[in-house]
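The structure under discussion appears below in the form of C-alpha cells.
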Amino acid sequence: LMFVDYLYLHARYAVHYEGHPNPSIWYGDLGTTQVQLSRQAYYASVSFVDEWIGNVLLALKNKGILENTFVLFTADHGDMMGDHYHWRKGYPYFGSASVPMLVRWPNAMDQSSGGKITASRGSLQTEVIELRDILPTFLDVANLPIPNSLNGSSLLDLLISSTHSKTWREYIDLEHDICYNVTNHWNALSDGHIKYIYQAYFGDEQLFDLDSDPKELNNLVKNVTWHETLLKWRSRLVNQFIQEGRGADWVDEKNLKLKQRVKGQLYSPNYPSVDNQ
C-alpha cells in the first residue's frame, strides 16, 4: 500500500491523475492500482538482479576464486515508488536515499583463519556509511595505502574489533541540485536515527525521528519537544556550509542562518571555474 503523508509539504504535490500519467512524472497521486503495478515491476527488476548476482557468485565458485574475492554489492539510489506521492529518484526520503551495502569477504580474512575480521557473517552494522567508502574499502582489502585526500573510510574498520572503536563519522550529508522541477533541490543530514532536511526552494525544514517514524510521516519541526534537536542539526548544516566556503548565497554567516535558494546552484570543490577551462 502507498504510504500517505499528510505533511503540508507533500500535500501540495498530491495531484490526482486520471488515465495514463506521463512516464517522466515525478510526483502525484496515481491511485493504488498504478502504485501496485509500479511496485510489481520494480520488485521484478530487483529479483532479476538478485538472480544474476547469484550466477556471478556461482561462476566465481566454479572457477575456484570465490575465496579469493571480496564482494561488495550496493546501488547509487533507490526509488520512491509512490511514497509521499513521489516517483523516481532524487529525494532525501528513505525510498530514494537509502541503498543496500552488502559485503562478503573470503574465509581467509576471518580472524579464525588468520585474518583480521572479527564480525560475524550475516551481522548488521548500524553506523551510517556511504558510497564514498567504497574506494577506501577496496584499497584496504588490497593492503594499499588510503590517501588522506579521500573523504571516505574503509568499511573494514567496522568489521575488525580492534578498530571498531575508531572514531567513525557521526552523520552523513546528502544534497541534490534541481531535478525534475525548480522546487526540488535540497540538503540533508542524518545519523540513521535523526534526519534533518532543508528544502532550499521553499526555505522549509523537516525533522524526522527515524527510530519511531521510519516512514518519515511526522515532521517534528514545529514540535517544541524537539526544538533543541532541530537547532542542533540546523547548526550542523550551517557550520558545514561555512567550513566549505559556500558563500553568501548558501548561508548568512553573520546571523548563522541558512539562505533560501530559489535558483539551482551547482557546487563542488572540483567544479571547473572559467579560469580552469
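Taken over the stretch 81-109, the residue count meeting the criterion of being farther than 30 Å from residue 206 by Cβ, open to solvent by 20 Å² or more (accessible area, probe 1.4 Å) and of a type outside the set (Lys, Arg) is 4. Residues in the stretch 180-212 that are within 22 Å of residue 132 (Cα to Cα) and either modelled with pLDDT under 95 or part of a loop (DSSP other than H, G, I, E, B) (or both): 185, 191, 192, 193. Which of the residues that make up the stretch 229-268 are farther than 21 Å from residue 177 by Cβ and in a loop (DSSP other than H, G, I, E, B)? Result: 253, 254, 255, 256. Screening residue 112 with (1) in a helix (DSSP H, G or I); (2) in contact (Cβ under 8 Å) with a residue 12 or more places away in the chain; (3) not β-branched (Val, Ile, Thr) gives one miss only, at (2).
A quick yes/no check of all residues on (1) without any contact (Cβ under 8 Å) to a residue 40 or more places away in the chain; (2) touching a helix residue (DSSP H, G or I) at 6+ places or on another chain (Cβ under 8 Å); (3) of a type in the set (S, T, N, Q):
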residue: 181; (1), (2), (3): no, no, yes
residue: 204; (1), (2), (3): no, yes, no
residue: 219; (1), (2), (3): no, yes, yes
residue: 235; (1), (2), (3): yes, no, yes
residue: 247; (1), (2), (3): yes, no, no
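Taken over the stretch 165-179, residues that are of a type in the set (Asp, Glu) and free of Cβ contacts under 8 Å to residues at least 60 places away in the same chain amount to 2. Scanning the stretch 253-266 for residues that are open to solvent by less than 60 Å² (accessible area, probe 1.4 Å) and modelled with pLDDT under 95 gives 261, 264, 265. Checked against the criteria, residue 220 does not count as at pLDDT 95 or above and in a strand (DSSP E or B).
The values are calculated or read from the model by the stated rules, or taken from the named source; none is laboratory data. All values reported here derive from a predicted model rather than from experimental measurement. In this analysis, Cβ positions are derived from the backbone assuming ideal geometry, glycine residues included, and neighbour counts consider all displayed protein chains. We work out accessible area using only protein heavy atoms, side chains counted, and drop any ligands, DNA or RNA first. Shrake-Rupley method; radii C 1.70, N 1.55, O 1.52, S 1.80 Å.
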